[in-house]
Structure formats: structure tokens, C-alpha cells
1. Restricted to the stretch 371-396, and to residues that are open to solvent by 80 Å² or more (accessible area, probe 1.4 Å) and out of contact with any helix residue (DSSP H, G or I) (no Cβ under 9 Å at 6 or more places or on another chain), which residue is nearest to ALA101 (Cα to Cα)?
2. Would the stretch 212-221 turn up any residue that is within 18 Å of THR153 (Cβ to Cβ) and aliphatic (A, V, I, L, M)?
3. On the basis of being in a helix (DSSP H, G or I), buried (at least 20 other Cβ atoms within 10 Å of the Cβ) and among the charged types (D, E, K, R), does ASP462 make the cut?
4. Residue by residue through the stretch 533-566, note down the ones that are surrounded by fewer than 19 Cβ atoms within 10 Å (Cβ to Cβ) and of a type in the set (D, E, K, R).
5. Could you tell me which residue of the stretch 468-483 is nearest to LYS293 (Cα to Cα), considering only residues that are assigned to a helix (DSSP H, G or I) and open to solvent by 50 Å² or more (accessible area, probe 1.4 Å)?
6. Tell me, which helices (runs of 4 or more DSSP H) wholly within the stretch 226-303 include 1 or more residues that are touching a strand residue (DSSP E or B) at 6+ places or on another chain (Cβ under 7 Å) and in contact (Cβ under 8 Å) with a residue 12 or more places away in the chain?
7. Can you work out which of the residues in the stretch 504-532 that are open to solvent by 40 Å² or more (accessible area, probe 1.4 Å) and among the charged types (D, E, K, R) is nearest to the chain's Cα centre (by Cα)?
8. Any residue that is open to solvent by 10 Å² or more (accessible area, probe 1.4 Å) and of a type in the set (Lys, Arg) - is there at least one of those in the stretch 409-425?
Amino acid sequence: SRGLGDVYKRQLITVIMKNIKSFILFFITSLALSGCEDNFDPKLFGTLNPENYPKTESEYEDYTMTCYIPFTTTWQYQIGNDPGQHSFYIPEGGILRVFEAPSDNMAAWNLGWGSWMKLSQADYRDCVYAERSWVGEHNINHIPKLAQITRFTEIISTLEQADDQIFKTISKERLLGEAHLCRGLMLYYLMHIYGPLPAIVDKDNINNEAALTNLVRPSLDEMSTWIYNDFQFAADNLPNEVKERGRYTSDYAKFCMMKHCLNEGEHMTGYYDKAMQMYQELSKDNRYSLFKKGDNPYVDMFKAANDFNCEIIMALSCDPSANGDVSSGNFFPLSMLATPNDASKVDDKGNPTPFNYQGGGWMQAYNVSPKLYDSYEPNDKRRAVILDEYWVNNQGTVTGKVTKEDLGQRWSGYIIYKYPIETNTTFQGNDFPLARWADVLLMMAEVDVRRSNAAPSSQAVDAVNQVRRRSGLSDLSAQQTATKEAFLDVILDERAKEFLYEGHRKIDLIRFNKYAQACFKAKEMLPTHQYMPLPNYLVEQAKSYGKDLSQTYSRPHWEDDIALAN
């Protein structure tokens with residue numbers, strides 16, 4: 001068997017197809033993990049072998065569902081006999097850990113320890129020591145997902161070769177669309193964690209020795225094209241009407257395409273035009289709108305009662321009864337990681353606090369930067385999702401409050417309470433938003449000025465004002481919309497408040513080439529790198545193939561960002 005270097009041997013679909021025990025484990029695991037809330041009900045089958053599976057329509061559908069596994073939330077997942085991995089949405093090691101914690105949204109957690117503290121300081125130097133053989137809170141390593149991309153390429157190839165006559169109730173094109181979108185998302189997230197990476201996206205290279213051992217970084221343009229092609233295929237072939245919440249749609253693919261083209265439009269010809277096209281398609285029939293119910297719609301939008309509301313294009317559907325096991329569906333443990341361990345359920349008079357159902361958490365590994373909190377306009381209703389004080393429980397007794405005066409001594413930053421604790425369960429069932437209409441509006445406004453290289457159009461200004469009005473703010477001033485530069489500054493600030501702890505911030509800052517500047521302002525320290533360095537074992541493995549795999553990567557203007565931060 002061959003893989004993308006020795007690190008990927010034992011992980012490819014070709015290995016599974018030669019080892020029936022591994023294949024059965026792979027398939028059963030994929031089915032167990034495909035459940036989310038009451039959707040994607042798991043099914044277990046008997047004897048499987050490469051000659052009889054997949055053969056039926058339902059088997060091909062179950063086979064395709066494997067591609068969703070990295071986008072579920074359990075403590076960790078495993079596909080076949082590869083090392084356990086963090087999914088992209090588990091707070092312990094997913095996009096909140098790699099895109100929020102090292103950004104200006106979080107204060108440096110100087111009261112913490114280990115990799116939690118290091119990443120909060122945007123210190124990536126220890127990432128070179130990441131191990132491939134295990135996953136844990138101190139081993140943030142998503143590199144094994146490259147082998148899973150190869151597996152997804154094999155799944156796509158198998159679907160393409162399937163007899164069209166097999167598919168009666170679900171189209172082969174839909175299944176291919178789901179597989180392509182999942183592969184595109186894998187590529188997208190990995191590129192934004194590490195920079196461009198070698199990946200097998202051509203079915204002819206699955207067993208190609210030269211391709212599998214070609215451990216060199218592709219160009220940014222090349223990897224951007226791979227992602228674009230997967231998103232385009234998904235947008236063209238997925239339906240919008242689905243029975244199961246959380247199953248991917250054409251509109252979600254268009255959202256992903258819009259996001260990707262905005263991120264890479266500076267160096268990819270036509271991408272800004274494509275992003276605007278996606279906006280126009282998502283705007284058709286007024287399918288989505290800003291959520292505006294309640295006294296504070298922004299707060300209420302994230303409550304369980306409003307899951308999949310009019311603003312949600314896609315979300316990770318979670319179950320409050322789930323506990324992180326592979327058989328219990330998606331769970332969402334952010335509240336435990338965002339709550340101080342001495343938080344009290346009640347105040348000094350016995351009244352319930354926001355933590356009444358939960359009590360103390362796990363060390364408040366996530367926080368909100370006080371500098372971000374102080375930057376909100378006074379009437380901004382979005383600040384209500386941040387708690388700037390809490391009551392302390394000391395061995396069963398309420399002993400007082402931790403407040404702003406205790407910053408640097410009792411805590412490093414404030415509490416993110418965007419996903420409220422609503423049930424008396426170990427973990428909460430809040431859905432985690434993946435795509436919202438507010439994001440579409442702000443992306444369109446940004447594309448407008450980046451494409452024209454001029455002051456914003458009235459449509460772009462109105463889009464930003466819609467988001468601001470929902471938050472109780474006044475419209476932008478003439479000065480804020482007079483130039484491209486002033487308008488972009490507004491958008492970056494709006495995005496910090498609007499999408500706090502939704503996993504976008506570092507990607508946004510790099511797009512604006514302000515990652516170093518923003519981190520220095522919020523954390524009083526510079527990031528050690530723009531992207532995570534690759535693990536040493538992968539670099540050494542490339543050397544064994546005679547390849548020079550660059551351990552670090554940065555975009556062309558990174559040095560300018562650093563210079564402006566100093």
C-alpha cells in the first residue's frame with residue numbers, strides 16, 4: 001500500500017480495500033459518526049468485502065456519508081485505522097482553537113499553561129513537535145487529514161464509476177456534490193491552518209508513487225483552484241431542499257465559494273466577480289434574512305429555540321444529550337471550556353446566575369479580549385454575549401465577584417456567553433452556525449470595494465447598515481464610507497463583533513493583512529508565524545524522498561504586517 005509519504009501509509013482507502021478488518025472498522029465508524037441530533041440515523045451491516053460493497057443505492061449513500069465525519073463533533077474521530085483526529089468543529093482542537101484563540105478576539109491566557117497558553121499568545125513554535133500517533137488537547141495536529149482527502153478522492157472516483165441506473169431516490173450527482181464539498185472544506189481549512197499543502201485530488205494519483213511521495217507545497221494559486229473546483233461542483237449538483245438538518249445544500253456550497261473567492265480574490269483573476277455572483281444567487285427569492293425577533297435578536301438568535309432560523313444557511317446540528325461519544329451525535333462543549341472553574345450557579349442572594357445549570361467549567365481556556373470588549377459602541381447589543389464579571393463559588397459558598405479589577409490576577413479576559421447554557425445537561429445542544437446571512441451581507445460589502453478599488457456603492461453601505469441596525473446601532477457616517485480604506489476598516493471591526501467565536505477571525509485578519517497588527521494591539525505580543533508550522537516528522541519524511549518541504553509559510557505581505565505592528 002502507498003500513501004502521501006509514510007505518514008499516510010495505512011490510512012488510504014487502498015489499504016482498507018486490501019484489509020477487510022480495517023474496512024469493516026472504517027465503515028462502522030463512519031456510520032456511527034454520521035448521526036447528528038435525530039438526523040443521519042446510523043445503520044450497521046454485516047459482512048462486507050470489496051466485491052459486494054458498495055452495490056446498492058443506500059450503500060453508496062452511506063459510503064458517501066464518510067466524508068462528513070471530520071465535520072461532526074465528538075471528542076475525536078477515527079476513519080479506518082488512521083490516528084484519532086479532532087474534527088474541525090470540536091472546540092478542543094478545531095476552528096475555534098486555531099482561528100479564534102490566536103487572534104485579537106482572545107486575550108493572551110497568561111494564567112494558563114501548555115499549548116492552550118501558547119496558542120492564545122499566537123506562539124506557534126511548539127507546533128513543530130506535534131505527533132502523528134495520537135490526538136489530545138496539547139497535540140493540535142490536523143496533518144493526518146491529508147490522507148483523508150485522498151480517501152475522499154477515492155470515494156469520488158468510486159461514485160463516478162457507479163452505474164447511474166442504481167440511483168432511484170437520490171441522485172448520484174447529489175452524492176458527488178456532498179463528497180466534493182466535504183473535500184473542498186477539508187482543503188480550505190487545512191490551507192488556512194498551515195498554508196498550501198500537498199494533497200491528492202486527482203483520482204489517477206491515488207496509487208501514483210511519484211505523486212504520493214511528492215511532499216512539496218503547491219502554490220497558493222494551485223491549492224486555491226482545487227478548493228474552487230470542489231465548491232463549484234457542489235454548488236452545481238447539490239439540492240437546496242433537504243430533509244435532514246445539517247446535510248449540505250447548494251446554498252451552503254455557494255456561501256463557501258463566496259467566502260473562498262473573497263479570501264483569494266487579490267491573487268486569483270475573476271474571484272471577486274465570482275463572489276458577487278454567489279451573492280446574487282443567494283439573494284434570489286429572499287430565502288434568507290437577518291433574524292430580528294426578541295428584545296435583543298442577536299442574543300436570541302443563538303438560543304436552541306431559534307435553531308435554523310431565517311438567517312441560518314447552514315449550522316452544525318447538536319444534541320444536548322450527546323456526551324462526546326461517537327454513538328451519541330454531535331455535542332457542543334464550548335461552555336465548559338469558556339467558563340472559569342470557580343463560577344457559581346447562584347449569586348450572593350441565591351438568585352441563579354448564567355451558570356445555574358452548569359456551575360464551574362474547565363479553567364476558562366477561552367476568553368474575550370478586554371480590548372475588544374471596550375471597543376464596542378455603547379449601544380451595541382452584541383456586547384451582551386460577553387460577561388465581564390461572575391460570582392465565585394469557593395467550596396460550596398458564594399464568596400464574591402470576579403470583576404474587571406481582577407484582570408491579570410484571577411482571569412485574563414471575559415467570558416464568551418454567545419451559546420447560552422439552557423439545559424441541565426453536561427453539555428449544551430446549541431447549534432453551531434457555519435453560514436449566516438449577516439456574513440453574506442458583510443462579504444458582499446467587502447467584495448464591492450475590493451472589486452472596484454473605490455468608495456463603496458450605496459448597496460454595500462446599506463448591507464453593513466442592515467447588520468448594524470439589527471444590533472441597535474446607527475448607520476455609518478459619511479466619513480466611514482468616503483473611501484475604500486475607511487470602509488474596509490469598518491467592515492473588519494464589524495466582523496469582529498458580529499462573528500465573535502464563530503471561527504472566522506484569523507482568516508479575516510490575514511485577508512486584511514492585519515493579523516500581526518491586531519494581535520500586538522490585543523495581546524501586546526507579535527505572532528511567531530502567520531500560519532502553523534508543519535510538524536518535524538513530515539518535513540523529515542519529505543527529505544527521505546529527496547523533497548524540500550518548507551516547514552513554514554507566509555503570504556507575500558506578511559513582513560509588511562509585522563513592520564506596521566512594531
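The values are calculated or read from the model by the stated rules, or taken from the named source; none is laboratory data. Note that the structure is predicted; figures quoted are calculated from it, not measured. Positions of Cβ are generated from backbone atoms using ideal geometry, with glycine treated the same way; all protein chains shown enter the neighbour counts. With ligands, DNA and RNA removed, areas are computed over all heavy atoms of the protein, side chains included. Shrake-Rupley method; radii C 1.70, N 1.55, O 1.52, S 1.80 Å.
1. Ranking the candidates gives ASP374 first.
2. The answer is yes, given that some residue of the stretch 212-221 is within 18 Å of THR153 (Cβ to Cβ) and aliphatic (A, V, I, L, M).
3. no
4. Selection gives GLU540, LYS543, LYS547, ASP548, ARG555, GLU559, ASP560.
5. In this case the residue turns out to be ARG469.
6. Fully inside the stretch 226-303 and qualifying: 250-264.
7. Looking at residues that are open to solvent by 40 Å² or more (accessible area, probe 1.4 Å) and among the charged types (D, E, K, R), I get LYS514.
8. Yes.
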